[in-house]
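I have placed the structure first, in the form of structure tokens, so that the comments after it can refer back to it.
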Amino acid sequence: MRERVLVLGPPGAGKGTQCKLLAVARGLLHLSTGDLLRAEVAAETTLGQQVKAVLDRGDLVSDHLVLAIVRNRLALHRKGWLLDGFPRNSTQAATLDDLLADLGQPLQVALQLQVPQEELVARLLGRGRSDDSEAVVRKRLQIYVQQTEPINAHYQARGLLKCVDGLGSVQEVATRIANSLDECQRGEGTIC
Ligand code: AMP
């Protein structure tokens, strides 16, 4: 099975946690742009220093840089994949369409993990990452609403969007996601 899946949802929805489990369970590549950017910061490269300043403010890194990262990884990869944290705005969504067409790797489903805002703030503040202070968390949620959430319509219009309730234990959410992906494999409709 070569599943090709976008995992969408606000910061704190559990995308990273769920993608790690799914990648193992279904033999998929987990491509998290946030993790790749943090690895760049940890390596203390010149690029990493520039990226760190952007991450610490809660802003988005440039489309150009993130696209280069994704393009390189997908081009080298022939199995199924999960994209986590990408695309983040309409430019990235349009470029991803072009990239996947070029690579002959059409998207199968965009899973939208749904979690209410108050729960997101509580989760993010409890996580303790360096970009998880209250002001930065609120900014990241605001950028999500303004720039990222609108791309759901792009996938919905193409019948690719599937919503999954992200509340509950990690295992409960993982079971819901697995059921949704199994439905897609059986060719059952995508719904939100
Ligand atoms: P995440 O781990 O997905 O929450 O991402 C952490 C931070 O990395 C974000 O707040 C952005 O600064 C940056 N980032 C991750 N993915 C992207 C992307 N697709 N485009 C721009 N910036 C990104």
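The values are calculated or read from the model by the stated rules, or taken from the named source; none is laboratory data. Because the structure is predicted, anything quoted here is derived from the model rather than measured. Methodologically, a virtual Cβ is constructed for each residue, glycine included, from the backbone with ideal geometry; neighbour enumeration extends over all protein chains shown. Surface accessibility is based on the protein's heavy atoms, side chains included, excluding ligands, DNA and RNA. Shrake-Rupley method; radii C 1.70, N 1.55, O 1.52, S 1.80 Å.
List of remarks:
- Count of residues meeting criterion [over 19 Å from the mean Cα position of the chain (by Cα), open to solvent by less than 60 Å² (accessible area, probe 1.4 Å) and polar (S, T, N, Q)] in the stretch 157-192: 1
- Flag if residue 110 is within 16 Å of the ligand (Cβ to nearest atom), hydrophobic (A, V, I, L, M, F, W, C), in a helix (DSSP H, G or I) and closer than 17 Å to residue 152 by Cα: no
Conditions (1) part of a helix (DSSP H, G or I); (2) without any contact (Cβ under 8 Å) to a residue 40 or more places away in the chain, marked per residue:
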position	(1), (2)
131	no, no
136	yes, no
141	yes, no
144	yes, no
152	yes, no
156	yes, yes
163	no, no
168	no, yes
171	yes, yes
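- Condition check for residue 91: of a type in the set (Ser, Thr, Tyr), over 18 Å from residue 139 (Cα atoms) and crowded, with 19+ Cβ neighbours inside 10 Å: no
- Conditions (1) in contact (Cβ under 8 Å) with a residue 24 or more places away in the chain; (2) within 11 Å of the ligand (Cβ to nearest atom); (3) open to solvent by less than 50 Å² (accessible area, probe 1.4 Å); (4) over 16 Å from the mean Cα position of the chain (by Cα); number of the one not met by residue 57: (3)
- Residue in the stretch 86-94 that is part of a helix (DSSP H, G or I), within 11 Å of the ligand (Cβ to nearest atom) and not β-branched (Val, Ile, Thr) present: yes
- Checked against the criteria, residue 140 counts as out of contact with any strand residue (DSSP E or B) (no Cβ under 7 Å at 6 or more places or on another chain) and either among the β-branched types (Val, Ile, Thr) or surrounded by 14 or more Cβ atoms within 10 Å (Cβ to Cβ) (or both).
- Positions within the stretch 113-129 being assigned to a strand (DSSP E or B) and either open to solvent by 20 Å² or more (accessible area, probe 1.4 Å) or farther than 27 Å from residue 39 by Cβ (or both), in sequence order: 114
- Scan of the stretch 60-86 for residues that are over 19 Å from residue 16 (Cβ atoms), open to solvent by less than 60 Å² (accessible area, probe 1.4 Å) and hydrophobic (A, V, I, L, M, F, W, C), ordered by number: 65, 67, 68, 75
- Residue that is farthest from residue 129 (Cα to Cα) [pool: residues in the stretch 3-40 that are near the ligand (Cβ under 8 Å from one of its atoms) and among the charged types (D, E, K, R)]: 15
- Residue list for the stretch 159-192, filter: of a type in the set (Lys, Arg) and modelled with pLDDT under 95: 186
- Count of residues meeting criterion [part of a helix (DSSP H, G or I), farther than 21 Å from residue 11 by Cβ and β-branched (Val, Ile, Thr)] in the stretch 27-60: 1
- Any hit, the stretch 43-50, residues being within 13 Å of the ligand (Cβ to nearest atom), open to solvent by less than 20 Å² (accessible area, probe 1.4 Å) and under 17 Å from residue 139 (Cβ atoms): no
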